[in-house]
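Asker: The structure follows.
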Amino acid sequence: MALWHKGNMNYKLDRTQSALLVIDVQEKLFPLVESSCHVMMKIQQAVRGFQILKLPIFASEQYPKGLGHTVGSLKGILGDDQSFFCKTAFSCLDDQIIKQEILRMPVQQWVLVGIEAHVCVLQTAKDLLMEGKQITVLNDAISSRSIYDFSTAIAEMRDCGARISSTETVLFELLRHAQSSEFKEISQLIK
């Protein structure tokens, strides 16, 4: 399969097929990225939203010995039962253990948040697309140290076939309608 292919971006997220992938939101690097406070708020919203909807959440850490562990405030929201998969490869799928875990899950649609947009998020998105997965990247919940790297990563992911969206759009899309039992809780989360 060619690396550059246009995926099917004409899809709605389906709760029975979706999971959240939180990529490398770590102590030593996260404070250095553009708009870190806003991005953290959106990552936390995404995590809480997926928890409310009872959807799977997968989290990675890039070389925690050097970059530290997941930022404490996010780790607290993810909870004590959350597993964190450590890696040294930039793409989650270039680590064989993580790749095995991700591909064994009955998930076709992956929603990506985290850092850095132009390295680990981009490479993971490309590899998931190569595996035939539908990818949605939340542009308000990813970042890089440079706005230029961030904007280049967004364009490249879209060119490769990833869908670019936002946290609020995705949560309401997964919710589907106001009669859903989780509507009130998701609405409060977004406010």
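Asker: Can you show me the helix-derived [θ] at 222 nm for the chain, built from DSSP H runs with n ≥ 4 at -39,500 (n - 2.57) apiece and divided by the number of residues, rounded to the nearest 500.
Answerer: Values: 8 runs with 77 residues, N = 191.
Theoretical 222 nm ellipticity from helices: -11500 deg cm²/dmol.
Asker: May I ask you to list the lysines whose Cα is less than 28 Å away from that of Lys28, ignoring any residue fewer than eight positions away on the same chain?
Answerer: Straight-distance partners of Lys28: Lys42, Lys65, Lys75, Lys87, Lys99, Lys126.
Asker: Sorted from largest down, what three extents in whole angstroms do the Cα atoms of the range 103-191 have along their principal axes?
Answerer: Over the range 103-191, Cα extents along the principal axes are 39, 32, 19 Å.
Asker: How are the Cα pair distances of the range 134-176 distributed, in percent, across 10 Å bins from 0?
Answerer: Percent of Cα pairs in each bin: 28, 51, 19, 2.
Asker: Which translational diffusion coefficient, to the nearest whole µm²/s, is obtained for the range 1-114 from the Stokes-Einstein equation, given a Kirkwood hydrodynamic radius over C-alpha pairs, 20 °C and 1.002 mPa s? Present the calculation step by step, with values, prior to reporting the outcome.
Answerer: On the way: Rh = 15.1 Å.
The calculation lands on 142 µm²/s.
Asker: A follow-up question, please. Just subtract the alpha-carbon distance of Ser73 and Glu27 from 0.36 nm times their residue separation and send over the number in nm, one decimal. Before the final figure, lay out each step's value.
Answerer: Values: separation 46, 0.36 × 46 = 16.56 nm, distance 1.01 nm.
Contour length minus Cα-Cα distance gives 15.5 nm.
Asker: A follow-up question, please. Give the residue list of trypsin sites (Lys or Arg not before Pro) in the range 13-107 that are DSSP loop and have at most 16 other beta-carbon atoms within 10 angstrom.
Answerer: Arg15, Lys28, Lys54
Asker: Over what distance in Å are the Cα centres of the range 135-191 and the range 30-46 separated?
Answerer: What the calculation gives is 13 Å, centre to centre.
Asker: I would also like to ask the following. Between Gln179 and Lys65, what FRET efficiency follows from the Cβ-Cβ distance if R0 is 41 Å, with the result rounded to 0.05?
Answerer: Working: r = 48 Å, r/R0 = 1.18.
Result of the calculation: an efficiency of 0.25.
Asker: Sticking with this structure for a sec: Rounded to the nearest whole Å², what accessible area per residue is found for the chain with the 1.4 Å probe? Provide the component values of the computation, followed by the final result.
Answerer: Numbers: 8980 Å² over 191 residues.
I get 47 Å² per residue for this part.
Asker: Now, a different point. Name the residue farthest towards the positive end of the dipole of the chain from the options Leu53, Val121, Val33, assuming +1 on Cβ of Lys and Arg, -1 on Cβ of Asp and Glu, about the Cα centre.
Answerer: So the residue furthest toward the plus end is Leu53.
Asker: On the accessible surface of the chain, probed at 1.4 Å, how many percent belong to carbon and sulfur atoms?
Answerer: Values: 4640 of 8980 Å².
Its accessible area is 52 percent carbon and sulfur atoms.
Asker: How long is the gain from Tyr148 to Gln17 if the chain were fully straight, where each residue apart is worth 0.36 nm and the alpha carbon distance is subtracted?
Answerer: Numbers: separation 131, 0.36 × 131 = 47.16 nm, distance 3.26 nm.
Length gained, Tyr148 through Gln17: 43.9 nm.
Asker: From largest accessible area down, sort Cys37, Cys86, Cys120; use a 1.4 Å probe on the protein chains.
Answerer: Values: Cys37 110, Cys86 75, Cys120 10 Å².
The ordering from most to least exposed comes out as Cys37, Cys86, Cys120.
Asker: Evaluated at 37 °C with a viscosity of 0.692 mPa s, what Stokes-Einstein diffusion coefficient in µm²/s does the chain have when Rh comes from the Kirkwood expression over alpha-carbon pairs? Numbers along the way, then the final one.
Answerer: On the way: Rh = 16.4 Å.
Translational D for this selection: 200 µm²/s.
Asker: Let me ask something else. Between Thr169 and Asp81, how many nm apart are label points set 7 Å from Cα along the C-beta direction?
Answerer: Going by the 7 Å Cα→Cβ label model, 3.2 nm.
The values are calculated or read from the model by the stated rules, or taken from the named source; none is laboratory data. Because the structure is a prediction, the values reported are computed rather than measured. In this analysis, Cβ positions are derived from the backbone assuming ideal geometry, glycine residues included, and neighbour counts consider all displayed protein chains. Ligands, DNA and RNA are excluded from the accessible area calculation, which covers all protein heavy atoms including side chains. Shrake-Rupley method; radii C 1.70, N 1.55, O 1.52, S 1.80 Å.
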